[in-house]
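The values are calculated or read from the model by the stated rules, or taken from the named source; none is laboratory data. Note that the structure is predicted; figures quoted are calculated from it, not measured. Note: ideal-geometry Cβ built from the backbone for every residue, glycine included; neighbour counts use all protein chains shown.
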Amino acid sequence: MDGAFRSDKDSLGPVQVPADRLWGAQTQRSIENFPIGRSRFVWERRVIRALGLLKKAAALANGELGQLPSEKVELIVQAADEVIEGKLDDEFPLVVWQTGSGTQSNMNANEVIANRAIQIAGGEVGSKDPIHPNDDVNKGQSSNDTFPTAMHVAATEEIEDNLLPAVQDLRDTLDAKGVQYDDVVMVGRTHLQDATPVRLSQVFSGWVAQLDQAMDGIRDTLPRIYELAIGGTAVGTGLNAHPRFGEVVAQKLEEETGRPFRSAENKFAALSAHDGMVDISASLRTLAIALFKVANDVRYYAMGPRAGIAELKIPENEPGSSIMPGKINPTQSEAMTMVCVQVFGNDAAVAFAGSQGAFQLNVYKPVMLHNVLESAQLMADACRAFNDFAATGIEPNRKVIQQHLDDSLMLVTALNPHIGYERSAEIALKAYREDKSLKEAAAELGYVEPADFDKWVRPEDMTGPLADD
């Protein structure tokens, strides 16, 4: 021990490690060798927790299979529980941009858990006695199967515990708004031009259906990441692991998390390809597409308020300009769409990384995990913000909606069954070119009597199929 440092060692020799830290030589080497960026924020809880869960499950499995004595199992489990609970988060300093197998993060977990177990046993940190980071905490494992296992556990928990509930809340708010404003009939729009009428409830229902379908797509993909690489060790053969190790670890993880984790049937694919992560990223991208549509529609419906569509009112959350007094901007829509753009980019990175498996290992694991977790976290946060500060406060501007509806030329479509498409088009074009109402144009052309026009052209009757006679 030299002042504020202690001497630790690995297979390459001694390393000076801060004396007050539980990590060891390999973690310290990673800190020194990879001073790249600051992207560790998504790792600070989900990934650390996943590594703790995995190391606990591995110790329990090794104990059950007769590979570790009970006293070592108990020490490892106790230390791993502290990792799971977040008590040792400061002992995980590594950035995303490290070895592509995640070896340093795996060893970070091994070293921290071993040293904490040694503390619990009353031993000397760094002594590797009575718990060795490789021989005990990492027993039956390789970084090549532990890190992808932690990837799947972390992604599953982030998506199921954080993202899906946030999307569901936004979906439910939009659904309730649709029910609340079912009586509002407004101009429909296609090609950014006026179209036949819709109910505001129907507009909301489209958004709700998109979110439902996106969530279904994510849930349909989750089984791909319930499959775990653990038990494959270095190249997929399971060398140095008990034949049932992967199966038992998956069982322990299922018991610990309540998720239906299972050992991957083919460990060679589980180590060298991460198609499940590619699939889940793609399903997150689909959700981002749906959220982009919702946010953009809200932004466009609220545009104005005097020189735009202005059919929806949105909350006035903050001043919108440093020079234009009284300006209010659709900032929640802007934030949401920026998040979606980021998710599109993250998915492209995951897809490219997923294509880079070479022989028995894909060495783009950390960047894949980083992007999947960031996408899920960003969209969860954005959904909560959009729900709380935009969706819950959306109201129809009934006066403007009615004005636009009254002026709509596409109401003429209701005349098609009575006078035909050609005459209806003539009425619409005459009204547009001469700046007249449809009713006036129809009467001047002699195609429709005013009383019949009022009977046939009823916007509220145009929001569904023809009624039975």
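One table, with the values for the structure above:
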| item | result |
| --- | --- |
| Subset of region 440-469 (residues that are more than 15 Å from Arg423 (Cα to Cα) and among the small types (Gly, Ala, Ser)) | Ala451, Gly464, Ala467 |
| Matching residues in region 26-50 - criterion: being modelled with pLDDT of 90 or more and of a type in the set (A, V, I, L, M, F, W, C) | Val47, Ile48, Ala50 |
| One residue from Glu124, Glu111, Glu71 being surrounded by fewer than 18 Cβ atoms within 10 Å (Cβ to Cβ), assigned to a helix (DSSP H, G or I) and either on the phi < 0 side of the Ramachandran plot or touching a residue at least 40 places away in the same chain (Cβ under 8 Å) (or both) | Glu71 |
| Gly86 vs. criteria modelled with pLDDT of 95 or more, among the small types (Gly, Ala, Ser), in contact with a helix residue (DSSP H, G or I) (Cβ under 9 Å, 6 or more places away or on another chain) and exposed (fewer than 15 other Cβ atoms within 10 Å of the Cβ) | yes |
| Region 137-170 - residue that is assigned by TED's automatic domain parsing to the domain that holds Gln210 and among the acidic types (Asp, Glu) and, of those, farthest from the chain's Cα centre (by Cα) | Asp169 |
| Residue in region 241-249 that is crowded, with 18+ Cβ neighbours inside 10 Å, aromatic (Phe, Trp, Tyr), outside the structural domain of Met277 (by TED's automatic domain parsing) and modelled with pLDDT of 95 or more present | yes |
| For Ile225: the one exception among (1) among the aliphatic types (A, V, I, L, M); (2) within 29 Å of Asp145 (Cα to Cα); (3) surrounded by fewer than 19 Cβ atoms within 10 Å (Cβ to Cβ) | (3) |
| Residue check for Gly326: on the phi > 0 side of the Ramachandran plot, surrounded by fewer than 17 Cβ atoms within 10 Å (Cβ to Cβ) and at pLDDT below 95 | yes |
| Selected residue [without any contact (Cβ under 8 Å) to a residue 12 or more places away in the chain and either under 30 Å from Pro223 (Cβ atoms) or buried (at least 16 other Cβ atoms within 10 Å of the Cβ) (or both)] from Gln332, Gln356 | Gln356 |
| Exclusive hit being outside the structural domain of Leu200 (by TED's automatic domain parsing) and among the β-branched types (Val, Ile, Thr), set Val372, Val363, Val457 | Val457 |
| Residue count for region 190-200, restricted to those that are surrounded by 19 or more Cβ atoms within 10 Å (Cβ to Cβ) and either closer than 17 Å to Lys293 by Cβ or modelled with pLDDT under 95 (or both) | 2 |
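Residues are listed down the side, and each one gets a yes or a no for (1) in a loop (DSSP other than H, G, I, E, B); (2) closer than 30 Å to Ser201 by Cβ:
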{"residue": "Asn240", "(1), (2)": "yes, no"}
{"residue": "Val249", "(1), (2)": "no, no"}
{"residue": "Phe268", "(1), (2)": "no, no"}
{"residue": "Leu287", "(1), (2)": "no, yes"}
{"residue": "Phe292", "(1), (2)": "no, yes"}
{"residue": "Met303", "(1), (2)": "yes, yes"}
{"residue": "Glu316", "(1), (2)": "yes, yes"}
{"residue": "Ser321", "(1), (2)": "yes, no"}
{"residue": "Val343", "(1), (2)": "no, yes"}
